Amino acid sequence: MARRERKARKPRAPRTLDRQLVTPEGVPLNLRLGSAGARASAFLIDAIIMLAVLIGASLLILALVSGGPSGASSLYAVVWLLGFFLLRNFYFVLFEAGRRAATPGKRLMKLRVVSRSGARLTGAAVMARNLMREIEVFLPLFFLLFAFAEGMATAWTATLALGWALILLFLPVFNRDRLRAGDLIAGTWVVEREVRKLGEDLLIQTAHEKDMARIAPFTAAELDAYGAFELQRLEDVLRRNDRSDLFAVSTAIRRKLGRTDEGADLAFLEAYYAALRHHLERKLLFGQRKRDKYDQISANS
């Protein structure tokens, strides 16, 4: 029996980084999550940039300390610590809150940050995902450095600090959406920034416009064949934008309407959706509602 149950189980679908995000306007966007390697490379590039800035600022402060009064060294030390805190946190915040939503490292690796809800990426989300990096990486490392400096470091404290940092650092590897702890809290994704050539975009847009132009207008009888329920289901199909679903649904609608045109399934369904929605909304203005294809148009009570 156990063997039969194992055979009956469907094989697991291979993990993929492809995701679909639906904007508040109802527009489906196909995205691809950034790989763990790309994200690690982006962080390494940003860390090198921050280290170069930190070294330059440190040399400048040392020069000021050596040429200034003796009592100013403590003040410069406070300035250095404050500057280091602002650098490691607000470096990411300022870049990701910008129009490109990416640090220099992410831009080089063709990555950007987006909101998982499909809405505009907010400053609060950017702040939350980046301030969590203090807890993920810097806090355990600072704890370990402080313990070594004060002579309090033991094998247990080193193991605890490194384990804490490594678990949170490699968290994106162990979840299917490649989410850091900061991404989980802020509701964000790091996705690949799709770069298309202008000519390719124009060809796709032109081909779609030609397909739309070839579709004959729908008659009132064809639009009366379906109601609000089918309109919602058709909207779901268009959002998924799955080729096999588009073919199956367009074939079923054409068969019901008695239309003989074939091909351009996406353009046909988009045209029929727009015409059906306008038709139902116009009927509703006159107090007539059609709930589904089985319902006769009736006046509202």
Q.
Quick test of your reading of the structure: GLU222 fulfils all but one of (1) modelled with pLDDT under 75; (2) assigned to a helix (DSSP H, G or I); (3) open to solvent by less than 40 Å² (accessible area, probe 1.4 Å); (4) charged (D, E, K, R). Name the failing condition by number.
A. (1)
(Q) Only one of LEU179, LEU160 is aliphatic (A, V, I, L, M), modelled with pLDDT under 75 and either within 30 Å of ALA42 (Cα to Cα) or buried (at least 17 other Cβ atoms within 10 Å of the Cβ) (or both). Can you tell me which? (A) LEU160
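Conditions (1) of a type in the set (Phe, Trp, Tyr); (2) open to solvent by less than 60 Å² (accessible area, probe 1.4 Å); (3) touching a His at 6+ places or on another chain (Cβ under 6 Å); (4) more than 26 Å from ASN30 (Cα to Cα), marked per residue:
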{"position": "ALA228", "(1), (2), (3), (4)": "no, yes, no, yes"}
{"position": "LEU238", "(1), (2), (3), (4)": "no, yes, no, no"}
{"position": "ASP245", "(1), (2), (3), (4)": "no, yes, no, no"}
{"position": "ALA248", "(1), (2), (3), (4)": "no, yes, no, no"}
{"position": "ARG259", "(1), (2), (3), (4)": "no, yes, no, yes"}
{"position": "GLY263", "(1), (2), (3), (4)": "no, yes, no, no"}
{"position": "GLU270", "(1), (2), (3), (4)": "no, no, no, no"}
Q.
Among the residues in the range 268-281, are any out of contact with any strand residue (DSSP E or B) (no Cβ under 8 Å at 6 or more places or on another chain), at pLDDT below 85 and part of a loop (DSSP other than H, G, I, E, B)?
A. no
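The values are calculated or read from the model by the stated rules, or taken from the named source; none is laboratory data. Worth saying up front: this structure is predicted, and the values here are computed from it rather than measured. Note: ideal-geometry Cβ built from the backbone for every residue, glycine included; neighbour counts use all protein chains shown. Just the protein is used for accessible areas: all its heavy atoms, side chains included, with ligands, DNA and RNA removed. Shrake-Rupley method; radii C 1.70, N 1.55, O 1.52, S 1.80 Å.
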